[in-house]
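Beneath this line is the structure, given in structure tokens, with notes to follow.
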Amino acid sequence: MRLPILISAFCVFIILLSGCSAAPGYPKPSAEVLRPEDQLSFDTLYSQNCAACHGADGQNGAAIDLANPEYQALVDDSSLRKWISGGVQGTQMPAFAISMGGTLTDRQIDVIVLGMRRAWSQRAVLDGHNPPPYAQDQKGDAFRGKQAYNSNCASCHQASTQQVTSPDYLALVADQTLRSIIIAGRPDIGHPDWRGDNPGTPLGPEDVTDIVTYLGTLRSATPGQPYPQGQ
């Protein structure tokens, strides 16, 4: 009597086992979690490391609009790698490279740069126009910058919540970030590029440099700390 029972139980076990794609108790291949350094999906890497500041789709974040095709056309790969790897001094952009105390490998940083290019760059986005040079590598004239700001920027910024002249805001952004926004704009929040709302009167290279220099003079050395005058 025992032998038929054992045979029947064994047959049931074989039938149940044959219906499984993997041995009981073992995870399916799709359920395996990659080691952090082996993750090479742009969507995952961007979501985990960039989206909190730059927005889920590269837009509408607190930081610069990475999905702006004009920005992608202005900045080169080496600059993107440098900023992702080592951060941007004078801003809230941290270093992400393992060699700089971050969590990303060089290969993962390359994946992020390539992914941004594939997702957000557009050919001929500047349509033959020559924007001012991208790099803010020299000081301009703050007095001229104030005049250019009042003529080209103040009417919008004074009437909106985007108080770009706030000393505390300016303490959080670098000169290069300001220059990037002036040249490429931020279409996600309605900020025009260097051509402004009137394409017939674009800002020249000297105008952009002077405006950034002027804004730099308003930057607070002690953001968030309303110390009395003279202290």
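The values are calculated or read from the model by the stated rules, or taken from the named source; none is laboratory data. Note that the coordinates shown come from a computational prediction; the quantities given were computed from them, not determined experimentally. So basically every Cβ, Gly included, is an ideal-geometry build from the backbone, and we count neighbours across all protein chains shown. Quick note on the areas: whole protein, heavy atoms, side chains included, nothing else; ligands and nucleic acids left out. Shrake-Rupley method; radii C 1.70, N 1.55, O 1.52, S 1.80 Å.
A few points about this structure:
- Flag if Y169 is part of a helix (DSSP H, G or I) and either among the acidic types (D, E) or at pLDDT below 90 (or both): yes
- When the range 28-53 is filtered for residues that are open to solvent by 50 Å² or more (accessible area, probe 1.4 Å) and assigned to a helix (DSSP H, G or I), the ones remaining, listed by number, are P29, S30, A31, P36, E37, D38, D43, S47, Q48, A52, C53.
- For the range 70-98, a residue qualifies if it is closer than 16 Å to Q108 by Cα and hydrophobic (A, V, I, L, M, F, W, C), and the qualifying residues are L80, W83, I84, A95, F96, A97, I98.
- Unique match (being small (G, A, S), in contact (Cβ under 8 Å) with a residue 60 or more places away in the chain and either in contact with a helix residue (DSSP H, G or I) (Cβ under 9 Å, 6 or more places away or on another chain) or surrounded by 18 or more Cβ atoms within 10 Å (Cβ to Cβ) (or both)) among A67, A56: A67
- In the range 104-122, of all residues being free of Cβ contacts under 8 Å to residues at least 60 places away in the same chain and not in a helix (DSSP H, G or I), the one that is least open to solvent (accessible area, probe 1.4 Å) corresponds to L104.
- Number of the condition not met by G90 [criteria: (1) at pLDDT 95 or above; (2) open to solvent by 40 Å² or more (accessible area, probe 1.4 Å)]: (1)
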